[in-house]
Amino acid sequence: MQKDLVQNKKAFHDYEILQKFEAGIVLLGSEIKSLRNHNASLSDSFVDLIDNELWLVNSYIAPYEFSHTCTHEEKRKRKLLMNKTEIIKIRKNLVEKGLTVVPLKIYLKNSNAKVQIAIAKGKKLYDKRAKLKEKSEKKEIQRALKYK
């Protein structure tokens, strides 16, 4: 069973998603409790490759309100857990093709926090405009068909 906690809707607007992966994430106790309350954001975050390890950078997890003694830093780097072969595949795409890795969502899977990350290619401004125009045209067609 999968329960979505946080989504990065901006990633689908700014990037063309090429391939998706699932990664575990190393969290503190107060971070997971805050995540379960949906107090987090992935809007400006990205995944960085440091010493053959993946790190989730600039993701915001609010401090847990009932934690008095052990609080966490809100925008700290968080280690992602993946197989070595998947990390090598991601590294090849980052270095050779000049792509980027963005987090799409954080969710619970069998009570474990997971992050869905994706290899993505940045969209140009005209690509974004074309996508918005296409989306609005589809909505107009659906409205017209609904009322006929």
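Only the coordinates and a few stated rules stand behind these numbers; no lab work does. Since the model is a prediction, treat every value here as computed from it, not as a measurement. So basically every Cβ, Gly included, is an ideal-geometry build from the backbone, and we count neighbours across all protein chains shown.
With each run of n ≥ 4 DSSP H residues scored as -39500 (n - 2.57), what mean residue ellipticity at 222 nm is computed for the chain after dividing by its residue count and rounding to the nearest 500 deg cm²/dmol?
Details: 4 runs with 50 residues, N = 148.
For the chain, the value works out to -10500 deg cm²/dmol.
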Report the local net charge at residue 116: Lys and Arg +1, Asp and Glu -1, summed over other residues whose C-beta lies under 11 Å from its C-beta.
+2
In whole Hz, with x marking every Gly and Pro, tabulate ³J(HN,Hα) for region 9-23 from phi via Karplus 6.51 cos²θ - 1.76 cosθ + 1.60, θ = phi - 60°.
5, 5, 5, 6, 7, 8, 10, 9, 7, 9, 8, 10, 9, 10, 9
How high is the relative contact order of the chain, in percent, counting Cα pairs under 8 Å that sit 6 or more residues apart?
33 percent
Mind putting a number on the dipole of the chain about its Cα centre? Charges go on the C-beta only, +1 for Lys and Arg and -1 for Asp and Glu, and I need it in Debye to the nearest 20.
820 debye
Computed over the chain, the Cα gyration tensor eigenvalues, each multiplied by 5 and square-rooted, give semi-axes in Å (largest first) of 31, 22, 13
Quick check on the exposure proxy: order 95, 6 from fewest to most C-beta atoms within 10 angstrom.
95, 6
Taking only the Cα positions of region 93-148, the convex hull volume per residue in Å³ is 129 Å³
When only C-alpha pairs under 8 Å and at least 6 residues apart count, what is the relative contact order of region 25-90, in percent?
35 percent
Taking the Cβ of each residue in 47, 26 as the centre, tally the other Cβ atoms inside 10 Å and list the residues starting with the fewest.
26, 47
